Amino acid sequence: MAYFPLFVDLEGRQVLVVGGGKIAMRRVRTLLEFGCEITVVSPEVCEELREKVLWKKKRYDETDLESLGNVGEASRFIFVLAAAAPEVNEKIVCDCRKKKIPVNNASNRDQCDFYFPGIAKDGDTVVGITSGGGDHRLAAKISAAVRQILRTIAV
C-alpha cells in the first residue's frame, strides 16, 4: 500500500521516544532538525542522546504519555516512537491507541499509525521517502541518492 506523505510543522511540538538505542538515536537526530521537544524514556541512553533531549532514566509506563500534556489542545501535535524491546513496544501501542495518540512501533510495521520516513533535507527543502514499511534498506538507499541530488542542485 502506498502512503500519503504528510508534512507537519514540529517546531515546539512534543515527541516521546521510548528506547535509547541505535534506532532511537537515528530518529532523534533527524527530529532535532525540525525543532520539536523530545523526551526520551529509557533506563539507558547513549551519551549523544543525554546531551540533546530530556531524558527520563526509567522504564516506560503509561504515565509517560500523560506527561506530554493535553492531547486535545489544538497547539499540540504529539506522537510516540516506540524503539524499545518488542514487548514494550506492543504495550506502548496499546496505551497510545487508547488515548488516540499516533504511534510508530519500530519493531512491527503493522502496529504503526505512521511510518518514520527516510529524510533528505537541504534548508527548507525536505523529501520524505518510505517503502511502505517493507524495505528499510531500499528507503535508506533512495534517501541517500536524493540527498546527493539535493547537494548537486544546491551547488
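The values are calculated or read from the model by the stated rules, or taken from the named source; none is laboratory data. Just so you know, these numbers come straight off a predicted model, no measurement behind them. Every residue, glycine as well, gets a Cβ built from its backbone with ideal geometry; the counts of neighbours run over all protein chains shown. Protein only, heavy atoms only, side chains kept; ligands, DNA and RNA dropped before computing areas. Shrake-Rupley method; radii C 1.70, N 1.55, O 1.52, S 1.80 Å.
With a simple spin-label model that places each label point 7 Å from the Cα along the Cα-to-Cβ direction, the separation between VAL8 and ALA140 comes to 2.4 nm.
The residues of the chain expose on average 60 square angstrom of accessible surface per residue, using a 1.4 Å probe on protein heavy atoms. For the pair CYS46 and CYS94, the difference between a 0.36 nm per residue extended length and the Cα-Cα distance amounts to 14.6 nm.
Among LYS91, LYS52, LYS141, which one moves the most in a GNM of the chain with springs linking Cα atoms closer than 10 Å? In the Gaussian network model the winner is LYS141.
All other residues whose Cβ lies under 14 angstrom from that of GLY134 are scored, Lys and Arg at +1 and Asp and Glu at -1, for a net of +1.
Which pairs break 26 Å Cα to Cα here: LYS22/LYS121; LYS58/LYS141; LYS22/LYS56? Exceeds cut-off: LYS58/LYS141. Element breakdown for the chain at a 1.4 angstrom probe: carbon and sulfur atoms account for 54% of the accessible area.
Oblate is the label for the stretch 5-69. Its Cα gyration tensor axes, ordered a ≥ b ≥ c, give a/c of at least 1.5 and b/c at or above a/b. Around LEU31, what is the net charge, scoring Lys/Arg as +1 and Asp/Glu as -1 over all other residues with Cβ under 12 Å from its Cβ? Net charge around LEU31: +3.
The relative contact order of the chain comes to 18 percent, based on Cα pairs under 8 Å that sit 6 or more residues apart. Max-minus-min Cα coordinates of the chain on each principal axis give 47, 34, 33 Å, with the largest extent listed first.
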